[in-house]
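Inspection log for the structure reproduced underneath, given as structure tokens.
The values are calculated or read from the model by the stated rules, or taken from the named source; none is laboratory data. Since we're looking at a predicted model, the values are computed, not measured. In this analysis, Cβ positions are derived from the backbone assuming ideal geometry, glycine residues included, and neighbour counts consider all displayed protein chains. Calculation scope for accessible area: heavy atoms of the full protein, side chains included, ligands and nucleic acids excluded. Shrake-Rupley method; radii C 1.70, N 1.55, O 1.52, S 1.80 Å.
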Amino acid sequence: MASSDCFSDDYLFQQIQNGRYEAMELFFKRYYTSLCRFGMSYESNSCLVEEKVADIFIQLWTNRNILDTIKNPKSYIYVIVKNSLKKIRKSEPFHQQIEETKTINSIFSPSREQEIIENEQKEMNTNLIREILDIIPKKSRQAFELSRIDGLKYKEIAEIQNVTPKTVENHIAIALKYISRALESYKKRGLLNSI
């Protein structure tokens, strides 16, 4: 099989149902990273999210005989992730969070110093973006990320969030207002550096 971009989700589901493991690998490559990012809006433990998303692909392969009943594979897989992680949250009230640590090379050369400065600037910008995203209400942020980062259509997001497409449109408008206000505030305070 060729790259995952060559085939529609419906085609891949059909091939998965027919037992073509290559199709499963392509579907996995297409959605794994996006589903993990999406899952982080329900669970903060990235290891747990990655494990659950991987489990969902295993379940998909195991239950491939029912895939012909699925009308929209993309929405279907996002809804499964959402429901799976919501169950975890209900059944396990407290989760341990794993802290990721960064190691910094202690040997500095002039080119290494420049790289460190650039990385610090990128990290500052990344932190500003995270701050902006963190102030957006959860449903609006999720709709915004699904639309702008994952490229889902409003109808698909509506299925995932179990709301109307108009509500999705409203959520995205709210997210854009928060982003616009935050960027304006950062510009005034001189905190914004070519994001």
Backbone HN-Hα couplings from phi across the range 31-45 [Karplus 6.51/-1.76/1.60, Hz, Gly and Pro as x]: 10, 3, 4, 5, 5, 5, 4, 4, x, 5, 7, 10, 8, 8, 7
Estimated FRET transfer efficiency (Cys6, Ile66; beta-carbon r; R0 25 Å; 0.05): 0.50
Coil-residue trypsin sites (Lys or Arg not before Pro) of the range 1-91, DSSP, other Cβ within 10 Å capped at 11: Lys71
Förster-model FRET efficiency, 41 Å R0, Lys177 and Glu22, C-beta, rounded to 0.05: 0.40
Whole-Hz ³J(HN,Hα) from phi, Karplus 6.51 cos²θ - 1.76 cosθ + 1.60, for the range 135-147, glycine and proline x: 7, 6, x, 3, 5, 5, 4, 4, 4, 4, 5, 5, 6
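Given a 1.4 angstrom probe, what's the average accessible area per residue across the range 1-55, in square angstrom?
50
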Separation in nanometres of the label points that stand 7 Å from Cα toward Cβ, at Lys86 and Arg189: 3.5
Given charges at beta-carbon only (K, R positive; D, E negative), |dipole| of the range 24-77 in Debye: 260
In nm, spacing of pseudo-spin labels at Thr164 and Val79 (7 Å Cα→C-beta vector): 1.9
